[in-house]
Structure formats: structure tokens, C-alpha cells
Amino acid sequence: MKILILGSGGREYSIGRAIANEEQEHELFYMPGNGATSSLGTNINITDYNALATWAQEKEIDLTIVGPEGPLVDGVVDIFKANGLTIFGPSQAAAQLEGSKVYMKNFLAKYNIPTARYIETASIEEAFKFTDTLTAPIVVKADGLCGGKGVIIAQNHDEAKVAISEMLSGKSFGDAGLKVIVEEFLDGYELSMFAVCDGDDYILLQAAQDHKRLLDNDEGPNTGGMGAYAPTPLVDELLYQKVKDRVICPTLEGMKKEGAPFEGVLFIGIMVVNGEPITLEFNVRFGDPECEILMPLMTSSVSDMFYKASTNKLSEIKVEFSSQYAVGVVMASENYPYKSSTPAEIILDDVHHEIIEKYTHISYAGVSEEEGVLYADGGRVLVCVGLGDTIKEARDRAYLRCGQVHFAGKKFRTDIAYQAL
Ligand SMILES: Nc1ncnc2c1ncn2[C@@H]1O[C@H](COP(=O)(O)OP(=O)(O)O)[C@@H](O)[C@H]1O
Ligand SMILES: [Mg+2]
């Protein structure tokens, strides 16, 4: 197939890498891609979605896969479909599950999917009144997309009210904060689950845990994610079954009733409280770096799965997973997540060790390329992935690979997957 991948991160690199490793040959294109995706395929730069759809028609692209939420919320899937193209991802209407937390919470409530008790409002009085009924900590969320920064866990009522005021006045997040969710704090452990959906059917991938904080022991500021591992032993068959019955099935049914059947990746942020999966949020695409560890765990064809999901034929295939574990360690640049860093040359040791060669690899994210030299020029630069028969083995291998990557200012956590060890 000729396959176009939208996005430029490690997530998109890992999808392309999995496709490039398939037995069947494919031709890959990236829009815009990064300095390393150019070794998996061809990077193109057409930012207007209508122009991109025309290009895809002329190029006879068989399948387009959308990585990040931005293009989905902007309706790229609708534009491609209107042009008769096959594309994997939710429509603009379905992407509201991520694009608007108010839409998502109201959807959960309407279809009786367990979620934290909440109020959704644009009124400061109403928000304050509800806040007074809760015990601290209190969770305040901006409605719209805030790049992972729109949620405040307030330690007391005053802090919650400041957060509410700043959001509703437009001060903290502009239009994205003009409606807020105020909700009860859930105390439990967090999981990410990913279901590849075709509107009617779905395939549930292995549950993952990510590490949002910058520093070891979950300290420091929040980031896009500093590492992840899967499958997590914190999930047993019973919990998978509960997520299917109580979250995924009612969501697919509900979205059909809403006239927006869900096609694409449904990322379910879950808090497990007393053994019960409570939905924190949905995203409508893979998490990053979760994608980087889930892709190498798939032993059946990834491109076929995405193709079947885009053509409502998921029920025809059987998706197979490796019995191994995967651990991904993010290497970030010096000033991440505060500000950008000076581009630094990346030097990779030659891999001689058979174990490293066979059981580790790198998914590239914030890198650029010039005359054959790779430079670290984004916040999260790359992800070292290790595979193994145990989480510990996978983790040790990922860290062996980290030891072979050098660039000025590189930083990474040393405790990825600690929850499972
Ligand atoms: N009700 C809640 N109780 C406890 N923690 C929460 C709650 N809602 C969100 N969180 C925490 O805040 C993080 C971000 O919230 P989330 O709803 O996932 O928004 P986003 O990913 O868009 O920032 C979650 O991963 C979780 O750790
Ligand atoms: Mg989240």
C-alpha cells in the first residue's frame, strides 16, 4: 500500500517503523515527519488539508493514518473522506470526545459510563457553589484543548476558586477555558487503554502506564510523557472485561446514537478505584510515548489493522500480540519542558551487542537532519524502547540503549516502570 502518516513525533515514527518492518512492502509518506522519518519514507510539506487531499488522490494513497489530535479536531478526516480517500481517525464530530471535555463528560453521563462527579459550567457562581460541596483536593479542567496543561488539581478550596476564575476569565487558557469542569478527586491508580475502533467493532490493545512528571519518583513539572511500559500487570482479565462492558461498548453504541460513529483510536484514561474503572477522559488518538511501546508488541500487520478499521472491517481480522513486555524511556532536551534548547548533534554508538540489536530500538521524535547528521531539536527528542520476557528485562534493555545515545543536555528518568517492579 501507499500510506501517508500525519504528524511528526515519536508516535508517528513508531507507526511507520512497524509498517516498514512488515513482510509486505509499503511506500510511506509523512506530513510533515521529522529528521528521522525521512529514512522510513518521504517527508512532504502540504499543510492545507484540502491541498493535501488533492495530493493524496493524485498520488493514489491507499491509506492515511492521523497521529495527533490537532488535525482530527480540525476535521481532516471529513475532508479526506469527502474526497473519496481512506483515512484512519475519527470525524470532527467524534473528535469532540477529546476536543471538548464538556462534550465528553456530558456524553459519559448520558450513557451511564462511570466518571467522577462533576459540574460543567461557564458561570463562576455555579462553579464556586459546586466547589463548596466537594472535599479537597478538587479537580478543575478547562473545556478545550490545552496541550495537556488544562487540568489543575487544587489542594484546597481557595486554590480551586483561583483556578476557576482564571480559566473563566480567559486569562489562563483563552477560549479553551471559557467553560470549565469542576469534579471530585479520584484516589486510585491510573491506566491508559487503547481501543482501535471501526465505528461498530474494536480491538483492545494491552494496557499501558505512562510517566507524566519530568523527574524520578514522579516529581517535577508535568510533561507530555517521559516514558511508558506495557502490558501492565496491574490489569487482569476481569478489569479488561469491565472496561469493555462499561466503557468501550457503551461508548461505541452511544456515538452511533449521537450520529458520530467512532472510528480511530479511543484512548481511555482510567482511574481504578476499588477495582472499578472510572473514566477520567478520552483522547481520540494514540498516546505518546504509549504508541512507541504498543506498536512493537503487535505481531500481526499494523497497516492491515488500520486499513480494516478505516473500512469498517475490523471483525474480519485477528490481531495478534507478542507475549513480551515493552518499556520506553524518553530522552528529552536540556530545557524541556520549559523552553526550547539549542540544537545538539546526536551521536549513536555502533550497536555490536546482539541483545541490544535484537531487543531494543529507537523511535525518533524531536530531531532534524542535515547532511546525514541528526540533531536534537525538539523537547522530547527520542524514545529508547526495550523488549523482554519480563518488565525488568525490557527495562534493563531500554536503559542499555539509552547509554548508547549521546547529545549535549540529554536528560531522562531512571525509574521508568517502577510501579511494576
Ligand atoms: N478526577 C480526577 N481525580 C484525580 N486525578 C485526576 C482527575 N482528573 C484528572 N486527574 C489527573 O490529571 C491528569 C490530567 O487530566 P486529564 O483529564 O487526563 O486531562 P488532560 O490529559 O487533557 O490534561 C490525569 O492524567 C490524572 O492524573
Ligand atoms: Mg490525559
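Does Ile15 qualify as being in a loop (DSSP other than H, G, I, E, B), at pLDDT 95 or above, in contact with a helix residue (DSSP H, G or I) (Cβ under 8 Å, 6 or more places away or on another chain) and not assigned by TED's automatic domain parsing to the domain that holds Glu281? Spelling it out, it is not the case that Ile15 is in a loop (DSSP other than H, G, I, E, B), at pLDDT 95 or above, in contact with a helix residue (DSSP H, G or I) (Cβ under 8 Å, 6 or more places away or on another chain) and not assigned by TED's automatic domain parsing to the domain that holds Glu281.
Checked against the criteria, Ala122 counts as away from ligand 2 (no atom under 16 Å from the Cβ) and in contact with a Lys or Arg (Cβ under 6 Å, 6 or more places away or on another chain).
Conditions tested, residue by residue: (1) in a strand (DSSP E or B); (2) in contact with a Phe, Trp or Tyr (Cβ under 6 Å, 6 or more places away or on another chain); (3) surrounded by fewer than 24 Cβ atoms within 10 Å (Cβ to Cβ).
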site	(1), (2), (3)
Ile355	no, no, yes
Lys358	no, no, yes
Ser363	yes, yes, no
Leu387	yes, yes, yes
Glu393	no, no, yes
Asp396	no, no, yes
Tyr399	no, no, yes
Ala408	no, no, yes
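Exactly one residue out of Asp143, Asp132 is outside the structural domain of Ser310 (by TED's automatic domain parsing), over 23 Å from Cys291 (Cα atoms) and within 16 Å of ligand 2 (Cβ to nearest atom), and it is Asp143.
Of all residues in segment 186-205, those satisfying the criterion of being in contact with a helix residue (DSSP H, G or I) (Cβ under 9 Å, 6 or more places away or on another chain) and in a strand (DSSP E or B) are Tyr189, Leu191, Ser192, Met193, Phe194, Ala195, Val196, Cys197, Asp198, Tyr202, Ile203, Leu204. Looking only at residues in segment 116-143 that are more than 10 Å from ligand 1 (Cβ to nearest atom) and buried (at least 19 other Cβ atoms within 10 Å of the Cβ), the one that is nearest to Gly188 (Cα to Cα) is Leu134.
Residue-wise test of (1) out of contact with any strand residue (DSSP E or B) (no Cβ under 8 Å at 6 or more places or on another chain); (2) in the same structural domain as Glu370 (by TED's automatic domain parsing); (3) outside any helix (DSSP H, G or I).
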residue: Leu52; (1), (2), (3): no, no, no
residue: Glu58; (1), (2), (3): yes, no, no
residue: Gly70; (1), (2), (3): yes, no, no
residue: Leu85; (1), (2), (3): no, no, yes
residue: Leu97; (1), (2), (3): no, no, no
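This table checks each residue for (1) farther than 21 Å from Glu120 by Cβ; (2) away from ligand 1 (no atom under 16 Å from the Cβ).
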{"site": "Glu190", "(1), (2)": "yes, no"}
{"site": "Lys244", "(1), (2)": "yes, yes"}
{"site": "Val247", "(1), (2)": "no, no"}
{"site": "Gly254", "(1), (2)": "no, yes"}
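Against the criterion of being out of contact with any helix residue (DSSP H, G or I) (no Cβ under 6 Å at 6 or more places or on another chain), more than 30 Å from Leu314 (Cβ to Cβ), in the same structural domain as Asp245 (by TED's automatic domain parsing) and within 14 Å of ligand 2 (Cβ to nearest atom), Asn222 qualifies.
Against the condition in contact with a His (Cβ under 6 Å, 6 or more places away or on another chain), within 16 Å of ligand 2 (Cβ to nearest atom) and not assigned by TED's automatic domain parsing to the domain that holds Ile153, how does Gly269 come out, does it pass? So Gly269 does not fit the description; no.
To keep it simple, each residue is scored yes or no on (1) touching a helix residue (DSSP H, G or I) at 6+ places or on another chain (Cβ under 7 Å); (2) over 24 Å from Gly366 (Cβ atoms); (3) more than 16 Å from ligand 2 (Cβ to nearest atom).
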residue: Gly287; (1), (2), (3): no, no, no
residue: Ser301; (1), (2), (3): no, yes, yes
residue: Met305; (1), (2), (3): no, yes, yes
residue: Lys308; (1), (2), (3): yes, yes, yes
residue: Thr311; (1), (2), (3): no, yes, yes
residue: Ile317; (1), (2), (3): yes, yes, yes
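When Lys149, Lys161, Lys171 are screened for being surrounded by fewer than 22 Cβ atoms within 10 Å (Cβ to Cβ) and in a helix (DSSP H, G or I), only Lys161 passes. With the requirement that a residue be within 13 Å of ligand 1 (Cβ to nearest atom) and either assigned to a helix (DSSP H, G or I) or surrounded by fewer than 19 Cβ atoms within 10 Å (Cβ to Cβ) (or both), what does segment 174-185 give you? Ala176, Gly177, Glu184, Phe185 - these are the residues of segment 174-185 that are within 13 Å of ligand 1 (Cβ to nearest atom) and either assigned to a helix (DSSP H, G or I) or surrounded by fewer than 19 Cβ atoms within 10 Å (Cβ to Cβ) (or both).
The values are calculated or read from the model by the stated rules, or taken from the named source; none is laboratory data. Since the structure is predicted, the reported quantities are computational estimates derived from the model, not experimental observations. Here Cβ is always computed from backbone atoms with ideal geometry, including for glycine, and neighbour counts include all displayed protein chains.
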